[in-house]
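Asker: Here you go, one structure.
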Amino acid sequence: MENTIISPFEFAAKHSATGTTIFAVMSALAAQHNAINLSQGFPDFHIDEQLSRLLGEAAREGHNQYAPMPGLPALRQAIAANFKSRYGVDIDADKEITVTPGATYAIYTAFTAILQPGDEVVVLEPAYDSYIPNIEMNGAIAVPVSLSAPGFEVDWNKVKDAITPRTRAIIINTPHNPTGAIWSKEDWDQLADVVRGTKIVVLADEVYEQLVFDGQRHYSVLEHPELRERSFALYSFGKVFNITGWKIGYCIAPPAFTQAFRRIHQFVSFTVNTPAQYALAMHLGNDTATPVHLVMQQKRDHFLSLLKDTPFTIFQPAKGSYFQIAGYERISGLPDMEFAEWLTKEIGVATIPVSAFYKNKKDDKLIRFCFAKKEETLNEAVSRLKKLG
């Protein structure tokens with residue numbers, strides 16, 4: 001994945017991951033071979049005009065200096081109002097919301113706030129690739145628990161078996177990256193049963209919470225009163241407004257949790273770029289664009305209709321997120337990493353091998369496509385995939 005650089009200095013390995021992240025590797029490979037990049041999860045279409053205009057206005061009007069450490073008050077208040085209108089939950093903008101430079105940063109900061117060396121964290125796999133390195137960088141131990149394919153549901157007996165006296169946290173992700181699965185209300189109730197009577201903290205990665213399809217709904221940890229009191233809920237504006245390059249997210253947590261979170265945040269990032277915060281604060285209450293879940297469902301449906309003319313296997317349509325899982329067992333017997341590289345170099349379409357989302361690189365011969373792309377991008381990608389027969 002990356003060349004080893006010889007140096008007279010020694011650097012401690014802070015985590016067990018090796019090389020460069022799979023997203024950077026596959027995107028670089030796509031660029032090298034002029035492949036269509038359906039690997040990394042970023043849109044390739046223009047953002048909402050109003051949001052773009054507000055960003056420029058913020059800079060021109062002088063909103064260019066440090067914002068307060070927790071985030072602009074106007075943005076935190078807009079977030080609280082937005083969650084009240086969508087979920088009916090009351091959130092204290094001052095004591096429970098912290099604006100962050102992206103959700104991945106928020107995940108790391110939450111782990112750093114709570115973990116001590118030797119603590120254990122339950123991770124449901126396949127899992128976003130930052131989780132385990134974040135845990136290990138804090139001296140803690142990741143305890144992977146596999147979801148049940150092909151629907152990638154939680155096996156709660158396995159979760160219960162993974163809990164020990166050293167379990168400090170569990171991290172969950174719904175809608176799920178990479179599989180597009182979503183949690184039901186019953187899943188949250190099951191989690192509450194597992195952690196009741198313990199001091200286990202929940203990290204709820206809900207960055208795709210507004211990308212749920214087919215009339216289904218996202219159930220948030222914030223709607224579960226029992227779990228909310230022990231949870232960090234983590235979000236991304238990048239996934240809501242298709243502005244992944246802005247790198248702005250936020251953490252919602254009870255006051256004591258937020259205090260611990262900010263104790264780390266103030267010495268790592270301290271604040272987040274002010275013009276973007278201002279633009280988002282103005283946009284949140286006045287967004288007139290087509291809801292993002294409808295836009296993305298149309299893209300998912302279009303992509304799936306095109307894939308019918310290829311030999312890929314679709315076990316189930318993604319229920320949420322940017323991503324569709326596909327099997328390639330009718331095409332090749334290669335391991336998924338080798339197949340993804342071959343597909344990029346020879347067919348000209350870059351994907352992500354699902355084994356990259358497992359600590360032990362479990363290979364089920366599955367790849368992940370990102371369908372958050374322009375229609376013409378998806379059309380051209382599948383026209384290339386049709387060469388597979």
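The values are calculated or read from the model by the stated rules, or taken from the named source; none is laboratory data. Computed from a predicted structure; not experimentally measured. Glycine also receives a Cβ, built like all others from the backbone with ideal geometry; neighbour counts cover every protein chain displayed.
Asker: Going through the stretch 44-80 one residue at a time, which ones are within 14 Å of HIS283 (Cα to Cα) and surrounded by fewer than 14 Cβ atoms within 10 Å (Cβ to Cβ)?
Answerer: Correct list: GLU49, ARG53, GLY56.
Asker: Could you please let me know if ASN379 is surrounded by fewer than 16 Cβ atoms within 10 Å (Cβ to Cβ) and either at pLDDT below 95 or assigned by TED's automatic domain parsing to the domain that holds THR179 (or both)?
Answerer: When the stated conditions are applied, ASN379 does not pass them.
Asker: Name the residue, out of ALA356, ALA372, ALA350, that is within 22 Å of the chain's Cα centre (by Cα), crowded, with 19+ Cβ neighbours inside 10 Å and either at pLDDT below 95 or among the hydroxyl-bearing types (Ser, Thr, Tyr) (or both).
Answerer: Answer to the selection: ALA356.
Asker: Identify, please: which residue in the stretch 153-165 is in contact with a strand residue (DSSP E or B) (Cβ under 8 Å, 6 or more places away or on another chain) and part of a loop (DSSP other than H, G, I, E, B) and is, among those, surrounded by the fewest Cβ atoms within 10 Å (Cβ to Cβ)?
Answerer: Only one residue tops the list, namely THR164.
Asker: Residue by residue through the stretch 313-370, note down the ones that are assigned to a strand (DSSP E or B) and among the basic types (Lys, Arg).
Answerer: Within the stretch 313-370, ARG368 is the sole residue that qualifies.
Asker: Can you list the helices (runs of 4 or more DSSP H) found entirely within the stretch 22-115 that contain at least 1 residues being touching a residue at least 60 places away in the same chain (Cβ under 8 Å), over 20 Å from the mean Cα position of the chain (by Cα) and under 30 Å from LYS359 (Cα atoms)?
Answerer: 22-32, 103-114
Asker: Next question. For the stretch 301-311, does any single residue satisfy the condition of being over 21 Å from GLN40 (Cβ atoms), at pLDDT 95 or above and under 24 Å from the mean Cα position of the chain (by Cα)?
Answerer: Scanning the stretch 301-311 turns up at least one residue that is over 21 Å from GLN40 (Cβ atoms), at pLDDT 95 or above and under 24 Å from the mean Cα position of the chain (by Cα).
Asker: Going through the stretch 332-346 one residue at a time, which ones are under 17 Å from ALA31 (Cα atoms), crowded, with 18+ Cβ neighbours inside 10 Å and hydrophobic (A, V, I, L, M, F, W, C)?
Answerer: ALA340, LEU343
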